[in-house]
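Heads up: the structure comes next, in structure tokens.
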């Protein structure tokens with residue numbers, strides 16, 4: 001009986017490996033076909049050549065810290081994929097019986113924004129992984145972070161951090177205060193929900209979450225967060 005169960009387990013593992021390999025092959029093919037339309041460099045330049053593209057050095061420290069804290073707090077420590085975050089998200093989703101938590105890195109989100117469309121499919125998610133590795137092979141972490149904040153949607157018709165900063169606060173991104181930066185860092189997660197002009201109460205709740213993450217990761221003190229809250 002034990003030998004039979006062991007054989008079944010081995011067969012199951014083999015089938016799982018074959019299935020996973022098949023999905024990854026399809027995902028890579030999807031990624032390659034997408035780049036045939038225009039290369040990674042061309043897609044990146046489409047963002048960086050925009051009139052109001054904001055370089056990394058022109059972003060306020062408050063905003064950089066807020067984005068990293070809430071979106072990918074180990075951004076500078078891991079590679080294109082954060083396997084710790086993926087494992088944690090998988091465990092949480094299975095435990096809660098929901099699939100609300102993701103483990104995507106900032107680099108993977110850039111791959112989604114710059115290379116792919118917004119279709120939520122497993123194949124596209126696998127394609128994002130290949131895109132993320134290519135991005136980190138060709139661009140620095142700071143350059144990728146700049147691509148991220150310049151390709152996000154912030155609600156109210158504002159695309160990119162320049163339009164969002166000017167539109168919501170009438171100032172350049174480098175001049176954002178902690179209060180303003182923590183608000184803007186939370187919006188791209190769900191722009192139609194967290195836009196301050198649409199749902200001020202929900203946007204404030206999201207901002208508190210951002211501030212808590214900044215405290216948790218050592219970017220600001222609890223006192224600084226409480227003043228804004």
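Observations, loosely collected:
- Going through (1) touching a residue at least 12 places away in the same chain (Cβ under 8 Å); (2) over 28 Å from residue 40 (Cβ atoms); (3) within 21 Å of the chain's Cα centre (by Cα) one by one, residue 215 falls short only on (1).
- Of residues in the range 125-149 being without any contact (Cβ under 8 Å) to a residue 40 or more places away in the chain and surrounded by fewer than 21 Cβ atoms within 10 Å (Cβ to Cβ), the one nearest to the chain's Cα centre (by Cα): 140
- Residue in the range 46-69 that is outside any helix (DSSP H, G or I), surrounded by 18 or more Cβ atoms within 10 Å (Cβ to Cβ) and at pLDDT below 90 present: no
Rundown of residues vs (1) over 25 Å from residue 74 (Cβ atoms); (2) surrounded by 14 or more Cβ atoms within 10 Å (Cβ to Cβ); (3) out of contact with any strand residue (DSSP E or B) (no Cβ under 8 Å at 6 or more places or on another chain), yes/no style:
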| position | (1), (2), (3) |
| --- | --- |
| 152 | no, yes, no |
| 166 | yes, yes, yes |
| 169 | yes, yes, yes |
| 196 | yes, yes, yes |
| 200 | yes, no, yes |
| 206 | no, yes, yes |
| 218 | no, no, yes |
| 221 | no, no, yes |
| 227 | yes, no, yes |
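- With respect to the conditions (1) over 14 Å from the mean Cα position of the chain (by Cα); (2) touching a residue at least 24 places away in the same chain (Cβ under 8 Å); (3) buried (at least 22 other Cβ atoms within 10 Å of the Cβ), residue 185 falls short on a single one, namely (1).
- Within the range 15-43, residues that are touching a residue at least 40 places away in the same chain (Cβ under 8 Å) and on the phi > 0 side of the Ramachandran plot have Cβ atoms under 7 Å from residues that are surrounded by fewer than 14 Cβ atoms within 10 Å (Cβ to Cβ) and part of a loop (DSSP other than H, G, I, E, B) in no pair, counting only partners at least 6 apart in sequence or on another chain.
- Residue within the range 26-33 that is modelled with pLDDT of 85 or more and outside any helix (DSSP H, G or I) present: no
- Index of the failed condition, residue 190 passing every other in (1) at pLDDT 95 or above; (2) closer than 21 Å to residue 75 by Cβ: (1)
The values are calculated or read from the model by the stated rules, or taken from the named source; none is laboratory data. No experiment lies behind these values; they were computed from the predicted model shown. Neighbour counts run over all protein chains shown; Cβ positions are idealised from the backbone, glycine included.
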